[in-house]
Each structure stands twice: as C-alpha cells, then as structure tokens.
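Visitor: One structure follows; several queries about it will come next.
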Amino acid sequence: MKLEINHIVFKNICKIVTNDNLNAYVIGGYVRDLILKRKSNDIDIVVVGSGINLAKKVAMSINKNISVNIFKNFGTAMFKYNNDEIEFVGARKESYQRNSRKPFVESGSLVDDQNRRDFTINALAISLNKDDFGQLIDPFNGMEDLKNGIIKTPLNPITTFSDDPLRMLRAIRFASQLDFTVSDETLEAIGKIKNRISIISKERISSELNKIILSKKPSKGFILLEKTGLLKLIFPLLDKMKGVNIINGKAHKDNFIHTIQVLDNISQKTDNLWLRWAAVLHDIGKPATKKFQNNNWTFYNHSFVGAKMVPDIFRFLKLPLNSKMKYVQKLVLLHLRPIGLADSEINDSAIRRLLFETGDDIDDLMTLCEADITSKNDKKVKYFLENFTTVRTKLKEIEQKDTIRNFQPPISGDFIIKTFNIKPSREIGIIKDSITNAILDGKINNNFDEAFSYMIIEAKKLGLKQI
Ligand code: ATP
Ligand code: MG
C-alpha cells in the first residue's frame, strides 16, 4: 500500500539518501496519526546509517540557517521546521537489563528498529527511498489494528512490558486517547507485570496520566488503570476512593466512579488540564472524612480536607508546585460553596464572599460544580443545573454592581500605619479585615471615603487615634 506524503522534508530526504546510497523511513507515531488523520507535529525519521549526518544534510538542503540539535550520546539529531519537530535516528537494535528501562543499543536494520517499538500501530513505517517512496512497511499488521482500534504489542507482551514498563501506561494512554481497545493478551500481561512500574520515574508516569486526563473520555483510561491494578501503584489515593459501604441498608456512592464521571463531564466543557485535575481531586478528601452517623453517610469537611491534601499529591506525582497547584487546591476547597447560593433567602454577601475568594477562577468553579452533577435521575439533574444557572446569574449581577472579583481593599496596611502613627502590628490586620468584611457584607460600599470612615470607627474600638 502506498501513502501520499508530500512534506518537503520527506522529498529532500529522498534525494539525499538516493545520492548517498542509504535507506530512510518515517516511522512510529507520525505514520499512525497520518493514517488516523490526526494532527501530529513530531516526525521521526529512521535511517539505516547515521541519523546525525542525515539530519545535518537535510536541514542544510531546506535552509542553511536551520540549527540542528545534536544528541551525540543517543546518536540522534533534531531540527524544527515551521511547526514540525523532525528527529533523526539511526536504525537500532535494543536489549534490556532487568533493573532499568535503558537498553543496550547497537545499530540494526529497519526490522530491528520496528521490533523494538511498543505497539503494532506504532511500528508502521513509510519508505522515503526513491524506488518505493510512500510504501507502507507494516510487519505486524498494524494497519489492521488501526482499523479495528486495537492496541497490542508486536512481540510477546510480557517481554515488551518487562523491558520497558512505561509501555504499560502508554498502552492505556493510547486506548484512552484514540478510543481504542487494549487486546486481551496485552491487558493480561499488564496485570501480571504491573509491579515493574516501580522502576519508572514519577515524571514519566504523570506525563502519561496527564495525557489520559486530556483525552476526550478520560474515564476509559482510569477504568483500565484500575482494572489492571496499576492505579493502586501509581495513584493510591485515587484507588482508595473505590467501593461502596452499606450500613443499615444505606449505601454511599462509589466515589471513584463518581470522580471519573465528573472528569468525563468536565472534559466536554474544557481542555484546561488543571481544571480537569480539579475534577480528579475534588472529592479526594472523602475517604478520610467518611462517617456513618445519624443513620446516614457523611463526608463532613471533605472539601477542606481534600484541599489540604492537594500539595502532597502534587509533590508525590511530581506535578508542578506552582500557581497551577494553588488553582487546583482552590477549586477543591470551594467546590461545594456555590450549591446553596441559588436560594432566594441567601443574601448578596455570600455571593460577594465567593467572588472575593475565587477571583477570576469563578467561571471555572461553576464549570466544576456543574460537572459534579452525576445523578441518574433526570429531574434531579435538571433541578441542580437550574440551581447553578441561578447562581451564575446572581454572580453576574453582583459582579456588575460591586466589582468584587479582583477586589483590593481601598485602604492599605501602610495607610493605616501612617494615619495612626503605629508600628506594624496585629491591629493593622484587624482593621483591614474588618473593612474587607464590611464591604463584603454590604455594610459599606467599596470606595475610599466610606472605607476611611469605617476605619476610624474600628480603630477607635482598639484605642487608636488619628494623628
Ligand atoms: P505521542 O507523540 O502522542 O506521545 P507517539 O507514539 O508519537 O505518541 P512518542 O513518544 O513521540 O510517541 O514516540 C514516537 C515513537 O517511538 C512511537 O510511536 C513508538 O514507535 C516509539 N516509542 C516511543 N516510546 C516508546 C517506548 N517506551 N517503547 C517502545 N517504543 C516507543
Ligand atoms: Mg510523537
């Protein structure tokens, strides 16, 4: 079978290898995605010979100014052209030792190179040689598996996974990303070899987890992680959410199932990885707070407890400990707050407080709340959704009226120090907080004059006088 490939890089490679009497192929993910009509910007070229030399020549043939990054230790080289990253490597043969995913590498043939690939659908190559330019080289029937949506290893799965256990996660990630099925034999092998995941770094694990979370229906990946036993090893706290207890005939919902449903729901609304992470973690405090009291299951304070767990989880998974983590933590903490706010009895101050605490993340919080509705009862779903529509309307009204969202109190700590000629002290915080609260409670308006008068009154209570 011949494929249409008309990238200028491929044409130039063809000319150069013909001239130098070499053979080169485009291989792996790019070929898979080309056939699946998925956009892909990383192109892997394998040459029977030196990848570095070929990269230099090809870059030169396109534009003298392209700089080529050379990784001598790996025998690879890459350059960027437009939006594409093109990587060149010599065909290689690999053998593995037991305690490392770093193989012993020697040069090899195209077939050797295809043998070391993780899945049949990732072992496809297209010839860039003059005689058969565009010809698909598919030793493991990968094309058939692409058509049928099957993930399976080209060689014995136990060996393939044992050699490099990261491949187990890649299998599940591809199933989730491409909405494919992992073949029974391959899945079984994961179940058997799963403990070897311990030799894989947390960074690599999280990178695959992130790709699962970013897929269209991430529950697919999480169900496979759970089913194979990998979840317990790579993300034990999420695994702990599984299961249902029943006391006096009363059951609570399975929080793992609920969580992945919320994740699927939110994935229909946003591609923001961190908002999706907030969905993954929103109920993570539930196992720790679960109690059966007054003949009912309760998870008292689970949002607070969950939010406190977020930094440790990020540290454990080697996710960034920066503003992204803070953002996820905030959403976990606040995810129950909007629920009661639709009630007509609720006064504006509760809305103002929520706006003040969430700032620009208020829309994301509402998206999370809406995704959190997983009832099977359509009437309930409709009722809750309408509830949140009312909250959104109220939020908008208050926001327009009071511009609380990124509110800074109109009186600063410095100003208080100067006005009362005092040293930095506890009193300043007390006065500032009382002004902020007065504004949020609607006692005074959000402007300098009213805040100033209020400050004088509050300061007086503390025995301070204006100088
Ligand atoms: P994506 O780019 O979406 O992560 P990909 O399949 O292109 O998917 P890359 O990591 O870019 O993955 O790797 C390119 C190719 O290299 C793969 O298609 C596969 O043939 C091979 N490959 C990558 N990682 C492994 C691995 N751990 N074991 C075996 N082959 C691998
Ligand atoms: Mg790739």
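Visitor: Would you say ILE199 is surrounded by fewer than 20 Cβ atoms within 10 Å (Cβ to Cβ) and of a type in the set (Val, Ile, Thr)?
Guide: yes
Visitor: On the basis of being within 12 Å of ligand 1 (Cβ to nearest atom) and either of a type in the set (Val, Ile, Thr) or crowded, with 19+ Cβ neighbours inside 10 Å (or both), does ILE62 make the cut?
Guide: No; evaluated as a whole, the condition is false for this residue.
Visitor: Does SER61 satisfy being in a loop (DSSP other than H, G, I, E, B) and in contact (Cβ under 8 Å) with a residue 12 or more places away in the chain?
Guide: Considered against the rule, which asks whether it is in a loop (DSSP other than H, G, I, E, B) and in contact (Cβ under 8 Å) with a residue 12 or more places away in the chain, SER61 comes out as no.
Visitor: Of all residues in segment 331-359 being under 22 Å from MET309 (Cα atoms) and β-branched (Val, Ile, Thr), which is surrounded by the fewest Cβ atoms within 10 Å (Cβ to Cβ)?
Guide: Result: THR358.
Visitor: Taking segment 315-325 only, how many residues are surrounded by 14 or more Cβ atoms within 10 Å (Cβ to Cβ) and part of a helix (DSSP H, G or I)?
Guide: 4
Visitor: Can you tell me which residues in segment 166-179 are surrounded by fewer than 22 Cβ atoms within 10 Å (Cβ to Cβ) and away from ligand 2 (no atom under 16 Å from the Cβ)?
Guide: ASP179
Visitor: Taking GLU87 and the conditions (1) open to solvent by 40 Å² or more (accessible area, probe 1.4 Å); (2) under 27 Å from LEU169 (Cα atoms); (3) away from ligand 2 (no atom under 16 Å from the Cβ), which numbered condition does it fall short on, given that it satisfies the others?
Guide: It is condition (3) that GLU87 fails.
Visitor: Would you point out the residue of segment 139-172, among those that are in contact (Cβ under 8 Å) with a residue 60 or more places away in the chain and outside any helix (DSSP H, G or I), that is farthest from the chain's Cα centre (by Cα)?
Guide: The selected residue is ASP164.
Visitor: Right, something else. Residue check: is ALA55 open to solvent by less than 20 Å² (accessible area, probe 1.4 Å) and free of Cβ contacts under 8 Å to residues at least 40 places away in the same chain?
Guide: yes
Visitor: Just give me the residues in segment 96-120 being modelled with pLDDT under 90 and either in a helix (DSSP H, G or I) or open to solvent by less than 50 Å² (accessible area, probe 1.4 Å) (or both), in sequence order.
Guide: Selection gives SER100, PRO103, GLY108.
Visitor: So which residues in segment 29-50 are part of a strand (DSSP E or B) and more than 9 Å from ligand 1 (Cβ to nearest atom), if there are any at all?
Guide: ILE43, ILE45, VAL46, VAL47
Visitor: Out of (1) open to solvent by 10 Å² or more (accessible area, probe 1.4 Å); (2) closer than 13 Å to ILE197 by Cα; (3) in contact with a helix residue (DSSP H, G or I) (Cβ under 6 Å, 6 or more places away or on another chain), what's the single condition that is false for ASP163?
Guide: (3)
Visitor: Within segment 396-407, identify whether any single residue is surrounded by 17 or more Cβ atoms within 10 Å (Cβ to Cβ) and either of a type in the set (Ser, Thr, Tyr) or within 33 Å of the chain's Cα centre (by Cα) (or both), and answer yes or no.
Guide: Yes, there is a match, as at least one residue in segment 396-407 is surrounded by 17 or more Cβ atoms within 10 Å (Cβ to Cβ) and either of a type in the set (Ser, Thr, Tyr) or within 33 Å of the chain's Cα centre (by Cα) (or both).
Visitor: Go through segment 275-292 and give me each residue that's over 13 Å from ASN245 (Cβ atoms) and of a type outside the set (Gly, Ala, Ser).
Guide: Passing the criteria: LEU275, ARG276, TRP277, VAL280, LEU281, HIS282, ASP283, ILE284, THR289.
Visitor: Let me ask something else about it. Out of the residues in segment 18-27 that are free of Cβ contacts under 8 Å to residues at least 60 places away in the same chain and in a helix (DSSP H, G or I), state the one that is farthest from ligand 1 (Cβ to nearest atom).
Guide: Among those that are free of Cβ contacts under 8 Å to residues at least 60 places away in the same chain and in a helix (DSSP H, G or I), it is ASN19.
Visitor: Within segment 75-93, does at least one residue satisfy the condition of being assigned to a loop (DSSP other than H, G, I, E, B), within 16 Å of ligand 1 (Cβ to nearest atom), of a type in the set (A, V, I, L, M) and in contact (Cβ under 8 Å) with a residue 24 or more places away in the chain?
Guide: Checking segment 75-93: at least one residue is assigned to a loop (DSSP other than H, G, I, E, B), within 16 Å of ligand 1 (Cβ to nearest atom), of a type in the set (A, V, I, L, M) and in contact (Cβ under 8 Å) with a residue 24 or more places away in the chain.
Visitor: Next question, about the same structure. Out of LEU237, LEU209, LEU233, LEU281, which single residue is surrounded by 14 or more Cβ atoms within 10 Å (Cβ to Cβ), farther than 19 Å from GLU370 by Cα, in contact (Cβ under 8 Å) with a residue 24 or more places away in the chain and within 15 Å of the chain's Cα centre (by Cα)?
Guide: The conditions single out LEU209.
Visitor: If ASP20 satisfies every condition in (1) open to solvent by 30 Å² or more (accessible area, probe 1.4 Å); (2) within 16 Å of ligand 2 (Cβ to nearest atom) but one, which is the exception?
Guide: (2)
Visitor: Open to solvent by 10 Å² or more (accessible area, probe 1.4 Å) and within 12 Å of ligand 1 (Cβ to nearest atom) - does that describe any residue in segment 121-138?
Guide: Checking segment 121-138: not a single residue is open to solvent by 10 Å² or more (accessible area, probe 1.4 Å) and within 12 Å of ligand 1 (Cβ to nearest atom).
Visitor: Taking the condition of being free of Cβ contacts under 8 Å to residues at least 24 places away in the same chain and either open to solvent by less than 20 Å² (accessible area, probe 1.4 Å) or near ligand 2 (Cβ under 8 Å from one of its atoms) (or both), how many residues in segment 28-45 meet it?
Guide: Total meeting the criteria: 3.
Visitor: In addition: Condition first: among the aliphatic types (A, V, I, L, M), open to solvent by 30 Å² or more (accessible area, probe 1.4 Å) and part of a helix (DSSP H, G or I). Now tell me which residues in segment 1-17 satisfy that.
Guide: Within segment 1-17, just ILE8 meets the criteria.
The values are calculated or read from the model by the stated rules, or taken from the named source; none is laboratory data. Bear in mind that the values here come from a model prediction, so they are computed numbers and not experimental data. Heads up, the Cβs are rebuilt from the backbone with ideal geometry, glycines too, and the neighbour counts pull from every protein chain shown. Only protein heavy atoms, including side chains, enter the accessible area calculation; ligands, DNA and RNA are left aside. Shrake-Rupley method; radii C 1.70, N 1.55, O 1.52, S 1.80 Å.
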